[in-house]
Protein chains: 2
Amino acid sequence: MAATCEQDPARVAERMLALKDAIELLSGKWKFCILLNLYNLGPMRFKDLQETSLGITPKVLSKELQELEDNLLITRTVNATKPVTVSYALTPHAVETQPVIEALVEFGLKHRRKIKQL
Amino acid sequence: MAATCEQDPARVAERMLALKDAIELLSGKWKFCILLNLYNLGPMRFKDLQETSLGITPKVLSKELQELEDNLLITRTVNATKPVTVSYALTPHAVETQPVIEALVEFGLKHRRKIKQL
DNA sequence: ATAGTCACTTTCCTAAAGGTAACGAATAGC
DNA sequence: GCTATTCGTTACCTTTAGGAAAGTGACTAT
(Lines give C-alpha, C1' and ligand atoms only; values in the text may rest on other atoms or scores of the structure.)
Protein backbone atom coordinates (compact mmCIF):
# COMPACT_ATOMS: atom_id res chain seq x y z
CA MET A 1 0.00 0.00 0.00
CA ALA A 2 1.68 3.12 -1.16
CA ALA A 3 -0.37 4.41 -4.02
CA THR A 4 1.04 7.90 -3.53
CA CYS A 5 -1.02 9.37 -6.31
CA GLU A 6 0.60 12.81 -6.37
CA GLN A 7 -1.49 15.61 -7.78
CA ASP A 8 -1.16 19.34 -7.92
CA PRO A 9 -1.51 20.82 -4.44
CA ALA A 10 -4.45 23.09 -5.26
CA ARG A 11 -6.51 20.12 -6.38
CA VAL A 12 -5.52 18.12 -3.30
CA ALA A 13 -6.59 20.99 -1.05
CA GLU A 14 -9.87 21.49 -2.88
CA ARG A 15 -10.69 17.80 -2.57
CA MET A 16 -9.89 17.83 1.13
CA LEU A 17 -12.27 20.73 1.66
CA ALA A 18 -14.96 18.94 -0.32
CA LEU A 19 -14.46 15.87 1.85
CA LYS A 20 -14.83 17.93 5.01
CA ASP A 21 -18.01 19.52 3.65
CA ALA A 22 -19.49 16.11 2.90
CA ILE A 23 -18.56 14.79 6.33
CA GLU A 24 -20.07 17.77 8.08
CA LEU A 25 -23.30 17.34 6.17
CA LEU A 26 -23.75 13.59 6.24
CA SER A 27 -22.01 12.29 9.34
CA GLY A 28 -24.00 11.04 12.29
CA LYS A 29 -25.86 7.91 13.09
CA TRP A 30 -28.99 8.34 10.98
CA LYS A 31 -28.77 10.37 7.76
CA PHE A 32 -27.46 7.60 5.56
CA CYS A 33 -30.06 5.19 6.95
CA ILE A 34 -32.87 7.58 6.14
CA LEU A 35 -31.56 8.13 2.62
CA LEU A 36 -31.14 4.39 2.07
CA ASN A 37 -34.72 3.79 3.16
CA LEU A 38 -35.97 6.41 0.76
CA TYR A 39 -33.98 4.77 -2.03
CA ASN A 40 -35.31 1.33 -1.21
CA LEU A 41 -38.92 2.14 -0.52
CA GLY A 42 -39.60 5.42 -2.29
CA PRO A 43 -41.36 8.37 -0.63
CA MET A 44 -42.32 7.59 2.94
CA ARG A 45 -44.28 9.04 5.80
CA PHE A 46 -42.82 10.06 9.16
CA LYS A 47 -44.12 7.02 11.01
CA ASP A 48 -42.79 4.60 8.39
CA LEU A 49 -39.36 6.19 8.43
CA GLN A 50 -39.36 5.91 12.19
CA GLU A 51 -40.14 2.20 12.01
CA THR A 52 -37.76 1.27 9.20
CA SER A 53 -34.88 3.19 10.72
CA LEU A 54 -34.91 0.88 13.75
CA GLY A 55 -34.32 2.78 16.95
CA ILE A 56 -34.61 6.44 16.04
CA THR A 57 -36.80 8.62 18.26
CA PRO A 58 -39.28 11.14 16.82
CA LYS A 59 -37.28 14.08 18.06
CA VAL A 60 -34.09 12.95 16.38
CA LEU A 61 -35.87 11.91 13.20
CA SER A 62 -37.49 15.33 13.04
CA LYS A 63 -34.13 17.05 13.38
CA GLU A 64 -32.41 14.89 10.79
CA LEU A 65 -35.21 15.40 8.27
CA GLN A 66 -35.00 19.16 8.71
CA GLU A 67 -31.27 19.15 8.12
CA LEU A 68 -31.65 17.00 5.00
CA GLU A 69 -34.35 19.33 3.74
CA ASP A 70 -32.20 22.40 4.43
CA ASN A 71 -29.49 20.82 2.32
CA LEU A 72 -31.86 20.14 -0.57
CA LEU A 73 -31.60 16.37 -0.32
CA ILE A 74 -35.23 15.65 0.52
CA THR A 75 -38.60 17.33 0.10
CA ARG A 76 -41.39 17.49 2.66
CA THR A 77 -44.99 17.52 1.44
CA VAL A 78 -48.10 17.60 3.58
CA ASN A 79 -50.96 15.47 2.28
CA ALA A 80 -54.58 16.49 2.85
CA THR A 81 -55.54 13.12 4.31
CA LYS A 82 -57.89 12.48 7.24
CA PRO A 83 -55.22 12.31 9.89
CA VAL A 84 -52.66 14.58 8.25
CA THR A 85 -49.82 12.65 6.68
CA VAL A 86 -46.48 13.99 5.53
CA SER A 87 -44.39 12.45 2.76
CA TYR A 88 -40.65 12.72 2.52
CA ALA A 89 -39.02 12.11 -0.85
CA LEU A 90 -35.57 12.36 -2.36
CA THR A 91 -34.76 15.38 -4.51
CA PRO A 92 -32.92 15.05 -7.82
CA HIS A 93 -29.84 16.37 -6.07
CA ALA A 94 -29.99 13.42 -3.69
CA VAL A 95 -28.88 11.03 -6.41
CA GLU A 96 -25.40 12.40 -5.79
CA THR A 97 -25.41 10.62 -2.45
CA GLN A 98 -26.24 7.23 -3.93
CA PRO A 99 -22.63 6.30 -4.85
CA VAL A 100 -21.61 7.19 -1.31
CA ILE A 101 -24.24 4.96 0.25
CA GLU A 102 -23.55 2.15 -2.19
CA ALA A 103 -19.84 2.34 -1.40
CA LEU A 104 -20.51 2.37 2.34
CA VAL A 105 -22.76 -0.68 2.09
CA GLU A 106 -20.17 -2.54 0.01
CA PHE A 107 -17.48 -1.65 2.50
CA GLY A 108 -19.65 -2.77 5.39
CA LEU A 109 -20.32 -6.13 3.79
CA LYS A 110 -16.64 -6.75 2.98
CA HIS A 111 -15.48 -5.54 6.36
CA ARG A 112 -17.83 -7.86 8.19
CA ARG A 113 -16.38 -10.83 6.26
CA LYS A 114 -12.84 -9.59 6.92
CA ILE A 115 -13.36 -9.29 10.65
CA LYS A 116 -15.14 -12.63 10.95
CA GLN A 117 -12.27 -14.51 9.30
CA LEU A 118 -9.80 -13.66 12.11
CA MET B 1 -37.39 10.87 -7.36
CA ALA B 2 -39.05 7.58 -6.57
CA ALA B 3 -36.64 4.89 -7.61
CA THR B 4 -38.30 2.39 -5.32
CA CYS B 5 -35.91 -0.37 -6.22
CA GLU B 6 -37.66 -3.18 -4.36
CA GLN B 7 -35.52 -6.12 -3.34
CA ASP B 8 -36.07 -9.15 -1.19
CA PRO B 9 -36.40 -8.11 2.45
CA ALA B 10 -33.51 -10.22 3.72
CA ARG B 11 -31.12 -8.47 1.36
CA VAL B 12 -32.47 -5.06 2.31
CA ALA B 13 -31.98 -5.83 5.99
CA GLU B 14 -28.47 -7.16 5.45
CA ARG B 15 -27.50 -4.06 3.54
CA MET B 16 -28.91 -1.82 6.25
CA LEU B 17 -26.82 -3.63 8.85
CA ALA B 18 -23.74 -3.30 6.68
CA LEU B 19 -24.41 0.41 6.34
CA LYS B 20 -24.71 0.78 10.11
CA ASP B 21 -21.43 -1.12 10.58
CA ALA B 22 -19.66 1.17 8.15
CA ILE B 23 -21.07 4.28 9.79
CA GLU B 24 -20.04 3.14 13.24
CA LEU B 25 -16.51 2.47 12.06
CA LEU B 26 -15.87 5.47 9.85
CA SER B 27 -18.01 8.30 11.13
CA GLY B 28 -16.51 11.25 12.95
CA LYS B 29 -14.60 14.28 11.93
CA TRP B 30 -11.21 12.84 11.10
CA LYS B 31 -11.00 9.23 9.87
CA PHE B 32 -11.75 9.95 6.22
CA CYS B 33 -9.28 12.85 6.21
CA ILE B 34 -6.53 10.63 7.56
CA LEU B 35 -7.27 7.96 4.99
CA LEU B 36 -7.35 10.52 2.16
CA ASN B 37 -4.00 11.88 3.23
CA LEU B 38 -2.51 8.41 3.21
CA TYR B 39 -3.91 7.86 -0.28
CA ASN B 40 -2.52 11.12 -1.57
CA LEU B 41 0.87 11.12 0.08
CA GLY B 42 1.63 7.49 0.86
CA PRO B 43 2.91 6.30 4.26
CA MET B 44 3.31 9.18 6.68
CA ARG B 45 4.66 9.95 10.11
CA PHE B 46 2.63 11.12 13.07
CA LYS B 47 3.75 14.72 12.83
CA ASP B 48 3.06 14.93 9.11
CA LEU B 49 -0.43 13.52 9.55
CA GLN B 50 -1.04 16.08 12.26
CA GLU B 51 -0.01 18.91 9.96
CA THR B 52 -1.81 17.76 6.82
CA SER B 53 -5.04 17.06 8.71
CA LEU B 54 -5.38 20.75 9.59
CA GLY B 55 -6.63 21.19 13.12
CA ILE B 56 -6.38 17.79 14.72
CA THR B 57 -4.71 17.58 18.12
CA PRO B 58 -2.20 14.86 19.01
CA LYS B 59 -4.57 13.26 21.46
CA VAL B 60 -7.36 12.91 18.94
CA LEU B 61 -5.01 11.82 16.16
CA SER B 62 -3.60 9.14 18.43
CA LYS B 63 -7.07 7.82 19.20
CA GLU B 64 -8.20 7.82 15.58
CA LEU B 65 -5.05 6.01 14.46
CA GLN B 66 -5.55 3.32 17.10
CA GLU B 67 -9.12 2.75 16.00
CA LEU B 68 -8.11 2.53 12.35
CA GLU B 69 -5.37 0.06 13.28
CA ASP B 70 -7.79 -2.04 15.36
CA ASN B 71 -10.00 -2.27 12.31
CA LEU B 72 -7.15 -3.39 10.07
CA LEU B 73 -7.25 -0.30 7.87
CA ILE B 74 -3.76 0.99 8.66
CA THR B 75 -0.47 -0.41 9.95
CA ARG B 76 1.83 1.23 12.47
CA THR B 77 5.58 0.66 12.16
CA VAL B 78 8.30 2.10 14.35
CA ASN B 79 11.47 3.13 12.53
CA ALA B 80 14.88 2.93 14.24
CA THR B 81 15.78 6.51 13.42
CA LYS B 82 17.62 8.97 15.68
CA PRO B 83 14.55 10.56 17.14
CA VAL B 84 12.18 7.60 16.83
CA THR B 85 9.77 7.98 13.94
CA VAL B 86 6.60 6.04 13.34
CA SER B 87 5.08 5.39 9.93
CA TYR B 88 1.43 4.83 9.28
CA ALA B 89 0.42 3.11 6.05
CA LEU B 90 -2.74 1.79 4.48
CA THR B 91 -3.35 -1.95 4.58
CA PRO B 92 -4.57 -3.86 1.52
CA HIS B 93 -7.98 -3.98 3.19
CA ALA B 94 -8.08 -0.18 3.19
CA VAL B 95 -8.55 -0.08 -0.57
CA GLU B 96 -12.16 -0.98 0.16
CA THR B 97 -12.61 2.49 1.62
CA GLN B 98 -11.35 4.28 -1.48
CA PRO B 99 -14.67 4.20 -3.36
CA VAL B 100 -16.34 5.65 -0.28
CA ILE B 101 -13.88 8.51 -0.04
CA GLU B 102 -13.98 9.17 -3.75
CA ALA B 103 -17.78 9.28 -3.65
CA LEU B 104 -17.74 11.63 -0.66
CA VAL B 105 -15.30 13.99 -2.39
CA GLU B 106 -17.40 13.99 -5.55
CA PHE B 107 -20.53 14.68 -3.54
CA GLY B 108 -18.80 17.47 -1.66
CA LEU B 109 -17.67 19.15 -4.88
CA LYS B 110 -21.11 18.90 -6.49
CA HIS B 111 -22.91 19.99 -3.35
CA ARG B 112 -20.78 23.08 -2.99
CA ARG B 113 -21.68 24.10 -6.55
CA LYS B 114 -25.35 23.34 -5.88
CA ILE B 115 -25.50 25.48 -2.75
CA LYS B 116 -23.59 28.37 -4.32
CA GLN B 117 -26.04 28.62 -7.25
CA LEU B 118 -28.96 29.61 -4.96
C1' DA C 1 -67.37 12.06 25.56
C1' DT C 2 -63.58 9.24 25.02
C1' DA C 3 -60.06 7.19 22.84
C1' DG C 4 -56.95 6.67 18.90
C1' DT C 5 -53.79 8.18 15.02
C1' DC C 6 -50.27 11.12 12.99
C1' DA C 7 -46.68 14.33 13.16
C1' DC C 8 -44.44 16.35 15.64
C1' DT C 9 -42.42 19.47 20.05
C1' DT C 10 -40.76 20.10 24.67
C1' DT C 11 -38.15 19.14 28.63
C1' DC C 12 -34.72 16.79 30.74
C1' DC C 13 -30.81 14.01 30.80
C1' DT C 14 -26.46 11.12 29.67
C1' DA C 15 -22.68 9.75 26.96
C1' DA C 16 -19.52 10.49 23.54
C1' DA C 17 -16.80 13.45 20.73
C1' DG C 18 -13.65 16.60 20.63
C1' DG C 19 -10.54 20.48 22.31
C1' DT C 20 -6.67 22.73 25.54
C1' DA C 21 -2.76 22.51 27.89
C1' DA C 22 0.71 20.40 30.02
C1' DC C 23 3.69 16.64 30.75
C1' DG C 24 6.82 12.26 29.79
C1' DA C 25 10.17 8.99 27.67
C1' DA C 26 13.74 8.38 24.44
C1' DT C 27 17.40 10.14 21.93
C1' DA C 28 20.56 13.52 20.21
C1' DG C 29 23.15 17.89 19.70
C1' DC C 30 25.34 22.00 21.76
C1' DG D 1 23.57 20.14 32.05
C1' DC D 2 20.23 22.31 28.85
C1' DT D 3 17.50 22.17 24.94
C1' DA D 4 15.15 20.15 20.90
C1' DT D 5 12.57 16.56 18.36
C1' DT D 6 9.20 12.82 17.89
C1' DC D 7 5.37 10.43 19.53
C1' DG D 8 2.67 10.22 22.28
C1' DT D 9 -0.20 10.35 27.33
C1' DT D 10 -2.79 12.56 31.07
C1' DA D 11 -6.07 15.50 33.26
C1' DC D 12 -9.53 18.54 32.62
C1' DC D 13 -13.25 20.79 30.35
C1' DT D 14 -16.90 22.13 26.78
C1' DT D 15 -19.86 20.98 23.17
C1' DT D 16 -22.67 18.13 20.56
C1' DA D 17 -25.23 14.04 19.60
C1' DG D 18 -28.51 11.41 20.91
C1' DG D 19 -32.11 9.14 23.93
C1' DA D 20 -36.46 8.84 27.28
C1' DA D 21 -40.80 10.31 28.30
C1' DA D 22 -44.44 13.09 28.05
C1' DG D 23 -47.38 16.43 25.85
C1' DT D 24 -49.72 19.10 21.91
C1' DG D 25 -52.98 19.87 18.20
C1' DA D 26 -55.67 18.46 14.55
C1' DC D 27 -58.66 15.23 13.14
C1' DT D 28 -61.67 10.78 13.28
C1' DA D 29 -63.99 6.97 14.64
C1' DT D 30 -67.04 4.85 18.32
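The values are calculated or read from the model by the stated rules, or taken from the named source; none is laboratory data. Note that the structure is a prediction, hence the values are computed from the model and not measured. Heads up, the Cβs are rebuilt from the backbone with ideal geometry, glycines too, and the neighbour counts pull from every protein chain shown. These accessible areas exclude ligands, DNA and RNA; they are computed on the full protein's heavy atoms, side chains included. Shrake-Rupley method; radii C 1.70, N 1.55, O 1.52, S 1.80 Å.
Structure summary
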item	result
Rg/Rh for the range A:10-116, where both radii come from Cα atoms and Rh is the Kirkwood radius	1.03
Gaussian network model of chain B, springs between alpha carbon atoms under 10 Å - residue of B:43, B:99, B:58 with greatest fluctuation	B:99
Angle between chain B longest axis and helix B:58-70 axis [Cα atoms, degrees, rounded to 10]	70 degrees
Convex hull per residue volume in Å³, alpha carbons only, for the protein assembly as shown	143 Å³
Mean residue ellipticity (222 nm) of chain A, computed from DSSP H runs ≥ 4 via -39,500 (n - 2.57), nearest 500	-18500 deg cm²/dmol
Folded to 0 to 90 degrees: helix A:31-41 orientation relative to chain A principal axis, Cα	60 degrees
Sulfur and carbon atoms: percent of accessible area, the range A:10-116 [1.4 Å]	56 percent
Positive minus negative residues near residue A:29 (Lys, Arg vs Asp, Glu; Cβ under 11 Å)	0
